[in-house]
Amino acid sequence: MERKALGKGISALIPEKVLGREEKIIYVPIEQIRPSPFQPREVFDNQNIEELAQSIKEKGIIQPLLVRRKGDHYELIAGERRLRASNMLDLKELPIIIKDVDDPDSLEMALIENIQRQDLNPIEEARAFQYLIEKFQVTQERISVVLGKARVSITNTLRLLKLPSEIQEEIKKGRISFAHGKALLEIEDENMQRKLAHEIISKGLSVQELENLIKMHRPRGVKQRARPSSKEPYIAVLEEELQHILATKVRISKRKKRGHIFIEFYSPEELERIVNILRRDKNKAQLTD
């Protein structure tokens, strides 16, 4: 029997009206909760954990941790940042919801929460996708359905793993963007990729500036690979980057200097999640003004 799609956000996994007797919110000693070996997130920002700890100290844990039973303890599915912040506060017990899931579902749930909360960088996402595909034979189509992302976005995220390891590290650090990385893949020469990556960082190149440089370095007679879309290359890159940020399908329609951005959502909860992402970005911009 095929597993049902896990929905568009962690809240869709645990709505109160479908919580059965085995899925009630209960409190357990914190030492009984252990991190998951399937945690897709590789980098945890200590400052963010400290800020979360302060929020928990003031308001408590609003959202229970998602776990599954493993022998005499509970293995975390989603909520490692909350677990780390709670350990920082020396809390004795935490609210949990127990799910009866297998390894692939556990990783899928962790992916959903991290991506919807913008907790994963593109390389962490790519490695998690690769792990699902290689370890559990999960298809790219299945991943796209579960995460509500376009299939091409999953494919292009996985392609980032073809970049040299040092460029992948710069993407993880946020010094090179997903869109920059995608553009660098148009070049086969790894040394040229490294050189251009250095220029992205040192000169603060935009994606369009990088694409212009790539055209200059492309040998004469070598045509750029045909794109399935008739959109301008820069618009296609922006469209995909927005899909990556918002974790949903995005379409940009441009005519001369004007146009529209269409953002898809699938439920009121999905709309609220997208709006919250945009609000967070607005607040960050105001703080840096």
Inset, instruction - Test Glu141 against the criterion of being closer than 23 Å to Ile245 by Cβ, among the acidic types (Asp, Glu) and at pLDDT below 90, and give yes or no. - result: yes
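Residue by residue, here is whether (1) more than 20 Å from the chain's Cα centre (by Cα); (2) free of Cβ contacts under 8 Å to residues at least 24 places away in the same chain; (3) in the same structural domain as Ala128 (by TED's automatic domain parsing) holds:
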residue: Ile154; (1), (2), (3): no, no, no
residue: Lys162; (1), (2), (3): no, yes, no
residue: Leu196; (1), (2), (3): yes, yes, no
residue: Lys203; (1), (2), (3): yes, yes, no
residue: Gln208; (1), (2), (3): yes, no, no
Inset, instruction - Just name the residue that is farthest from Ile171 (Cα to Cα) out of those in the stretch 39-81 that are part of a strand (DSSP E or B) and within 24 Å of the chain's Cα centre (by Cα). - result: Arg68
Inset, instruction - Examine the stretch 49-60 for a residue that is hydrophobic (A, V, I, L, M, F, W, C), buried (at least 19 other Cβ atoms within 10 Å of the Cβ) and under 29 Å from Lys135 (Cβ atoms), and state whether such a residue exists. - result: no
Inset, instruction - Specify the residue that is modelled with the lowest pLDDT; the eligible residues are those in the stretch 233-256 that are more than 25 Å from Ile277 (Cβ to Cβ) and surrounded by fewer than 16 Cβ atoms within 10 Å (Cβ to Cβ). - result: Lys256
Legend entry - Elements of type helices (runs of 4 or more DSSP H) contained in the stretch 84-194, each with 1 or more residues being surrounded by fewer than 21 Cβ atoms within 10 Å (Cβ to Cβ): 103-116, 122-136, 140-147, 151-159, 165-173
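The values are calculated or read from the model by the stated rules, or taken from the named source; none is laboratory data. Keep in mind it's a predicted model, so treat the numbers as computed, not measured. Note that each Cβ is placed from the backbone with ideal geometry, even for glycine, and that neighbours are counted across all protein chains shown.
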